[in-house]
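Here's the structure we're looking at; comments come further down.
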Amino acid sequence: MKKFLTLLITAFLAIAAAGQVDKMKDILDDEMDADNHTLRFSNALTGDAVKGASITIQDVGTFVTDAEGKIKFPRGEEEAVYLVNFAADGYITTDVSLEAVAGTIFNNRISVSPVMAMENMRIIVDWGRRPADLDAHLTKDKSYHISYRDMKVADDGEARLDRDDTDSWGPETITIQQVDTEGHYEFWVQDYTNRADENSRKLSKSKATVKVYGNNQLLELFNIPTDDRGNKWHVFTIDQGKIVPTNYVTANE
């Protein structure tokens, strides 16, 4: 418990210094509950809370999200992995695993995708408190580069940046209307906060995840490799309509 409190206080001071008062209050409300963990579920397109969702945690039980999109469930071991199933009307059913470290789950915010057309593909990036600003990038050869600092919407409307986040946790969300089976795509995440430091380990310590939805189901879930140097996470390519994992951290070119 002493280790947990030390980590918690350190996180609160850093968040307060960054001016993220609302998020600090959320974590205070969530993690100062000595008996329960808290999870929060939000719409990856709007950031709105998802209320009334059914959350099943393996070997723990089933819960329903409240008006703030959150559930509470009893704390277990200080070091644990929880297998979580999310289901709600109008959303794609999603399975994720969450890690408790020193008795707490710091990245307890989970972005989920609304139901979409079968031909759509949606890519969602979530991460922890640090770095503050990770950017999602999607390129299609000889066509477009989607990101906050390049093109937010492709000229032909095929792909768009739905949501950008610059103050921790995410999500960054990109939707492709229909994947070109003849096209070559690349998806990566840049640590914009530490973009000048190609030897930084902060991106690999961000606990970032990428969820890829298509055919109205979760197709892939990527976790960032840990303890690698670099400020660019190359996550996957799409070739002939198929996702090809790459999943490595490198220096931004």
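Below are the figures for this structure:
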{"quantity": "Identity of the residue in region 160-190, among the polar types (S, T, N, Q) and in a loop (DSSP other than H, G, I, E, B), that ends up surrounded by the most Cβ atoms within 10 Å (Cβ to Cβ)", "calculated": "Ser168"}
{"quantity": "Any chance Lys72 is in contact with a His (Cβ under 8 Å, 6 or more places away or on another chain) and either outside any loop (DSSP other than H, G, I, E, B) or at positive phi (or both)", "calculated": "yes"}
{"quantity": "Index of the failed condition, Arg129 passing every other in (1) of a type outside the set (S, T, N, Q); (2) touching a residue at least 40 places away in the same chain (Cβ under 8 Å); (3) under 24 Å from Thr226 (Cβ atoms); (4) part of a strand (DSSP E or B)", "calculated": "(4)"}
{"quantity": "Single residue of region 92-107 satisfying the filter (hydroxyl-bearing (Ser, Thr, Tyr) and crowded, with 18+ Cβ neighbours inside 10 Å) that is farthest from Phe222 (Cα to Cα)", "calculated": "Thr104"}
{"quantity": "Test result for Asp227, at negative phi and of a type in the set (Asp, Glu)", "calculated": "no"}
{"quantity": "Top-ranked residue of region 132-159 - restricted to ones that are hydrophobic (A, V, I, L, M, F, W, C) and assigned to a strand (DSSP E or B), ranked as nearest to Tyr185 (Cα to Cα)", "calculated": "Leu138"}
{"quantity": "Flag if Asn120 is surrounded by 20 or more Cβ atoms within 10 Å (Cβ to Cβ) and of a type in the set (S, T, N, Q)", "calculated": "no"}
{"quantity": "Residues of region 135-146 that turn out to be in contact with a Leu (Cβ under 8 Å, 6 or more places away or on another chain) and under 22 Å from Leu218 (Cα atoms), as a count", "calculated": "2"}
{"quantity": "Test: Ala11 is at pLDDT 90 or above, hydrophobic (A, V, I, L, M, F, W, C) and under 20 Å from the mean Cα position of the chain (by Cα)", "calculated": "no"}
{"quantity": "Tabulated pairs, region 191-219, first in contact (Cβ under 8 Å) with a residue 60 or more places away in the chain and outside any loop (DSSP other than H, G, I, E, B), second surrounded by fewer than 19 Cβ atoms within 10 Å (Cβ to Cβ) and not hydrophobic (A, V, I, L, M, F, W, C), C-beta under 6 angstrom, 6+ apart or interchain", "calculated": "Thr209/Asn223; Val212/Glu220"}
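The values are calculated or read from the model by the stated rules, or taken from the named source; none is laboratory data. Just so you know, these numbers come straight off a predicted model, no measurement behind them. Methodologically, a virtual Cβ is constructed for each residue, glycine included, from the backbone with ideal geometry; neighbour enumeration extends over all protein chains shown.
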